[in-house]
1. What's the number of the only condition in (1) within 14 Å of the ligand (Cβ to nearest atom); (2) in a loop (DSSP other than H, G, I, E, B); (3) within 16 Å of SER285 (Cα to Cα) that ASP134 fails to meet?
2. Looking at (1) modelled with pLDDT of 95 or more; (2) surrounded by 12 or more Cβ atoms within 10 Å (Cβ to Cβ); (3) not β-branched (Val, Ile, Thr), which one does GLU55 not meet, given that it meets all the others?
3. Got a number for residues in segment 110-131 being hydrophobic (A, V, I, L, M, F, W, C), within 11 Å of the ligand (Cβ to nearest atom) and in contact with a Ser or Thr (Cβ under 8 Å, 6 or more places away or on another chain)?
4. Could you check LEU99 against (1) over 24 Å from THR195 (Cβ atoms); (2) away from the ligand (no atom under 16 Å from the Cβ); (3) in contact with a strand residue (DSSP E or B) (Cβ under 8 Å, 6 or more places away or on another chain) and say which number it fails?
5. Which pairs do you get when a residue that is more than 19 Å from LEU106 (Cα to Cα), found in segment 230-243, comes within reach of a residue that is acidic (Asp, Glu) and assigned to a helix (DSSP H, G or I), reach meaning Cβ atoms under 8 angstrom, with the pair 6+ apart or on two chains?
6. Return the pair list, or none, for Cβ contacts closer than 8 Å from residues in segment 132-158 that are among the small types (Gly, Ala, Ser) to residues that are part of a strand (DSSP E or B), at least 6 apart or on different chains.
7. For MET161, indicate whether it is on the phi < 0 side of the Ramachandran plot and touching a Ser or Thr at 6+ places or on another chain (Cβ under 8 Å).
8. Can you pull out the residues in segment 178-195 that are within 16 Å of the ligand (Cβ to nearest atom) and either in contact with a helix residue (DSSP H, G or I) (Cβ under 7 Å, 6 or more places away or on another chain) or of a type outside the set (A, V, I, L, M, F, W, C) (or both)?
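The values are calculated or read from the model by the stated rules, or taken from the named source; none is laboratory data. Computed from a predicted structure; not experimentally measured. Cβ: placed from backbone, ideal geometry, glycine included. Neighbour counts: every protein chain shown.
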Amino acid sequence: AAFLEGITVFSQSSKLSNVLYDIRGPVLEEADRMEAAGNRILKLNIGNPAPFGFEAPDAILVDMIKHLPEAQGYSDSRGILSARRAVVQYYETKGIRSLDADDVYLGNGVSELITLAMQALCDPGDEILVPMPDYPLWTASVALSGGTPVHYRCAEDEGWMPDLEDIAAKITPRTRGIVVINPNNPTGAVYSRETLEGLVKLAREHDLLMFADEIYEKITYGDAEMINLATITGDDVLCLTFSGLSKAYRIAGYRSGWLAITGPLHRASSYIEGIRLLANMRMCSNVPSQHAIQAALGGHQTIEDLVLPTGRLGAQMDLSARKLNEIDGVSAQPADGALYLFAKLDVERFGIVDDQRFALDLLREQKILVSHGRAFNWDKPDHFRLVTLPSVEVLDEALDRLGDFLSGYEQR
Ligand code: PLP
C-alpha cells in the first residue's frame, strides 16, 4: 500500500537495542566503500593473522584435508571425542587435572561459545562484570542474553591491570560472574598471578562464576608469563575457559574454538544442561575444523617462534610501541601479549570529542583503518586500537603517516 512507503515494516528485534559491535561498524563500512572505489586501505583494525603472512602450520592443513571424507556428517554436539581429549590433555600439561572430555564443548570459534554461555546463564537483571576496555563481543553477548553488562576499570597507569577495588565496589546481589580476558584484547596486558588471585578471591567470596577468555594464551612477549585462570580457581570456583585456534594457529577463518568447564560442576548442573541444550540446538560446530584441534595441540607448530624477540610478532610489537610513543600527543603502554596496542590520544591538544570521527578522518586522509576506543566500551573518546600484525616495513610507514596526520589534526 502506498501509504506504507518509506515506513520500516520489518524492524529489528528490541533485543538488539543495547547490542553494539562497533569494530565492524560505520568506520569499516566507509573503508569498504573506499576499497570498492579503488583505494588501497591498510587494515590495522582486526586481529586476523593469515592475510598478513601468518599462515597455518602445514601439519594442521594436512590433517584437516585427510579427515575431510569422514567429516561429512554431524558430530556429537559437543564435538568429536579425539579433539575434546586433546583439549583435556593440553590443559593437563598446564596443571589443570580435573577437566573431563564431557565438559569440553567445541564451537565455531570462541565467538559462538561466548554467546552460547551467556544465553544459557542470564535472566533479565543479572549482572556480569566485564572489563573496560573489553573485547566487545562480551558486552554485546551479555546484553543480547538479557543480562546487564557492568564494566570494571582496567588501570592504564598500572599496565592495564584490572582494578580490584572497582570490581569489589560494583558487585551486587545480582552479580553472577566476572569476565577475565588474558592476555588482553585490546590492551595487550598479561595479568600477574597476584591480580588473578585477587580476582578469584572476589569470585569465591561473592559466589561468582568466572569466564576466562584465553584465546591469546600463546602470544606473549619477553618474559611475560601467561597463567591459565583455571589453575587458580581450583575446585570451589566455577570457571569457563575459552580458547581456540584463530590466533595461535593462525586459522581464524576455519572457526575452531573450545570451552572447558572446571570447578564445582555439581553446583552448576542446571546451567551446564542449558549449555548442552543450546549446543544441541545448533547440532555441532564445523566438523572439518574440529579435526584441526588434535593436530594443533598435539604438535609443536605453535606461534612461539614468531613471538621471540627475534620473531616477526615481537619485532612488530616493539616497533609499534616505540613509534607510537614518539608521536607528539600519543602514548601507549607496552603490550606483554596479544596483537594490539591501545593507544592514548591527547584530546585537549587535538580537540577530539568524537573518537569515531578521528578514525574516519584518519581513514579518509591516510587510508589507514584503526578502531576507535569507544568500540571497546571505553568511556572516553581518547583511545584507539592498533593491530600489530603487518610487517615492520608496513607498520613503520603507517606510523609515520599517523604522525604526519596528527601533526596537523584539530577536530574542533
Ligand atoms: N576473544 C577475544 C579476546 C578475541 O580477540 C577474539 C577475536 O578477535 C575472540 C574472542 C573471537 O575469536 P574466534 O575467532 O575464536 O571466534
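1. So the condition that ASP134 fails would be (3).
2. (1)
3. Of all residues in segment 110-131, those hydrophobic (A, V, I, L, M, F, W, C) come to 110, 113-114, 116-118, 120-122, 128-130.
Next, from what is left, pick out any that are within 11 Å of the ligand (Cβ to nearest atom): 110, 113-114.
Imposing the further condition that a residue be in contact with a Ser or Thr (Cβ under 8 Å, 6 or more places away or on another chain) reduces the set to 110, 114.
Adding up the residues that qualify gives 2.
4. Answer for LEU99: the failing condition is (1).
5. ILE232/GLU197
6. If the second residue must be part of a strand (DSSP E or B), the pairs left are ALA143/PRO149; GLY147/GLU127; GLY147/ILE128; GLY147/ARG176; ALA155/MET161; ALA155/PRO162.
7. Details: on the phi < 0 side of the Ramachandran plot: yes; touching a Ser or Thr at 6+ places or on another chain (Cβ under 8 Å): yes.
Yes: the conditions hold for MET161.
8. First, pick out the residues of segment 178-195 that are within 16 Å of the ligand (Cβ to nearest atom): 178-191.
Within segment 178-195, ILE178, VAL179, VAL180, ASN182, PRO183, ASN184, ASN185, PRO186, THR187, GLY188, TYR191 qualify.
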